[in-house]
Amino acid sequence: MNVPHLTTEHSEGGLLGPHLLDQKLQHAFQPIVDIHTGVVHAHEALLRGTEDAGFSSIQAFFDASYQEGVLDNVELALARRALEKLERLPGSGMHRLFFNIDGRTLEHPSFRVDSLIKLLHDKGVEPNALCIEISEQHKTARSSSATMAIAALRANRVRIALDDFGQGFSELTLLYTFQPEYVKIDRFFVADIARSHRKKLFVSTIVNLAHVLGAKVIAEGVETAEELVACRQVGCDFAQGFFVARPAIQPELLSVEQRHVLKVSTQERRTRHADESSVRLELKPVEPILSNMPMAKVFERFRQAPDRPYFPVLNLDGEPEGLLHERDLRSYVFSPTGRDLLQNSNFANRLMAFITRCPIIEVTTPVERILESYANSFEPEAVIVTENGQYLGILSSTSILKLVNEKRLTVAQDQNPLTRLPGNQSINNHLVDAAEPYGQNRIFCYFDFNHFKPFNDQYGFRQGDRAIMLFADILRRYLHGEDVFLGHIGGDDFFAGLRNMDADRAMAIAKRVTDSFRDEITSFYASGDRERGYLLGLDREGHEQIYPLMTCSVALVEVGAAEVIDDFVALSKRIADAKRAAKLAPDAVAIRRAPSYLSGRA
């Protein structure tokens, strides 16, 4: 293919003549949604039509623009096109636009931030409604010129996002230097994340670092419900991808919310209800300061509240930006020229320059993750809490420690003192959690010893406790990982909840557990009992009775990936049926399907 040339004559008026005026180049808008609620947070403008314009790819188009020296004009013209389409989105309120800029544009001598700001003004768009996406694709994005351009954009309240984070080698440098408001996780880490513990670990680490620095995290390329749930579990704030919504050339067709995202999140909302209730009780609704408040009024707020060392600062959309500390303003208060500076119109609205980033978390965030974000912060004094992205209040360091201690106490109270496994309350919570479908097969395993009472009567409670602890160790040996939940119902009854595992594999692992217990428990018997293969004891009437050596049966109940459990009474009956079948089965293993219905059909 012959690559068209983009001459300076084409760029007259900043529209590159035939390649932009013939409408071949246009943008498709793809929603970026709150990962908890499905409410649209922003739209990314994705360039389309470069092949129709005669270029082999989008990158070839920008390479040609760069080679011909018109890249800055191209970017401005494309931004104008995207902003014009932004006006056609449905719904009221501010529409946020994520717009990709080639990193080479930022160091171009003719690239002027004021031209972009004027364009926003002409289109009636607030600067903080625009987010510029930067990637590491070109090393020029790390040059001093690019750093100055980013600083100028930030000074004009334009937001910054690091795109494709995790793809290159120097993203940490960009994260440190640019201080972005958003970090977009590369599709490589999102793909099949539900089945990859390594990817979960990598993404969780990125999320924690971003949150400590006050940035929100967007999971790119989410294509399945499983990936959405996994990204939410590791702490991502927003999601984008084909599962959420496909890009649309006609923005009028896009919805202001994606209800299926909210539906998928229902099960996690149930799981975290206890944590959320505790957080709401502890948070303090400190009255915030708006980012456009004149500095004179800011000082007055501190004067009226001498015991408050900081205030949360919100932008005009009610979203938190960080904390404003009184200590950072002291140098101006006590300096000889401080009063004059307050009267200076150029200084009066520079509140944003004094804001300190701090962790910003959703009210539904688990207590453990709140503590992790707080502990990893730099000299943190508080954590800002939001609900659906809107300011809710703050958690002080004292409140966070109280939440953690209460959570640990609750866990300890439910924990079995012998095996240290979660007890019945946690097991019930797991069942409620697993009742909703979110793209993963679920299996409930109930383990029950055979002939435990004769052993306990003959050898005593101490040996009985040793047998119970042996089984708990065997369970941990074969069943572990993020998709496994182990519980101790009580006595010789145990529970295992499995996710993302098919029935055949679950049965095979359960069989290894019961076989290992059968083989290892024999050492707990006296040599004579082992040689005979049974235990002589007395029944309730006092008659001598032969009891086989101890074994374990296991009943499994399977719930399909798209199935919902809404009748727990029926589930209990199905579990009891599976237990009876397991007791009678030659290999002491039985499986049943859970009473359920397909998601969306009832």
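Throughout, read-outs are computed from the coordinates displayed, never taken from laboratory work. It should be emphasised that the depicted structure is a prediction, and the values quoted were computed from it without experimental measurement. Cβ coordinates were reconstructed from backbone atoms using ideal geometry, including for glycine residues, and neighbour counts include every protein chain displayed.
The table below gives the values:
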read-out	value
Given charges at Cβ of Lys, Arg, Asp, Glu: the chain dipole, positive-most of Pro31, Val513, Gly490	Gly490
Global geometry of segment 376-492, whether rounded, prolate or oblate, following the gyration tensor of its Cα atoms and the 1.5 cut on a/c	prolate
Within the chain: Cβ-based charge dipole about Cα centre, in debye rounded to nearest 20 (Lys, Arg +1; Asp, Glu -1)	860 debye
Relative contact order, percent, segment 27-253 [alpha-carbon distance under 8 Å, six or more residues apart]	22 percent
Tensor-based shape of the chain (alpha-carbon gyration tensor, a/c under 1.5 rounded, otherwise prolate or oblate)	prolate
Dipole in debye (nearest 20) - segment 415-598, about Cα centre, beta carbon charges: Lys, Arg +1; Asp, Glu -1	120 debye
For segment 27-253, size of Cβ-based charge dipole, Lys and Arg +1, Asp and Glu -1, in debye	460 debye
Beta bridge orientation in the chain: antiparallel %, DSSP, nearest 5	65 percent
Coordinate range along principal axes, alpha carbons of segment 27-253, Å, largest first	46, 39, 36
Options Val207, Ala582, His95, ranked by Cα towards positive dipole end of the chain, top entry (Cβ charges)	Ala582
Candidate lysines for bridging to Lys85, where Cα separation is under 29 Å - those fewer than 8 sequence places away on the same chain excluded	Lys24, Lys118, Lys123, Lys184, Lys216
Most to least packed among 539-549, 443-453 [average Cβ atoms within 10 Å]	443-453, 539-549
Relative exposure of Asp577, Asp72, judged by other C-beta atoms within 10 Å (fewest first)	Asp577, Asp72
Listed residues Gly221, Ala353, Leu153: farthest to the positive end of the dipole of the chain (Cβ charges)	Ala353
Inter-part distance where segment 463-494 and segment 512-558 are each reduced to a Cα centre, Å	18 Å
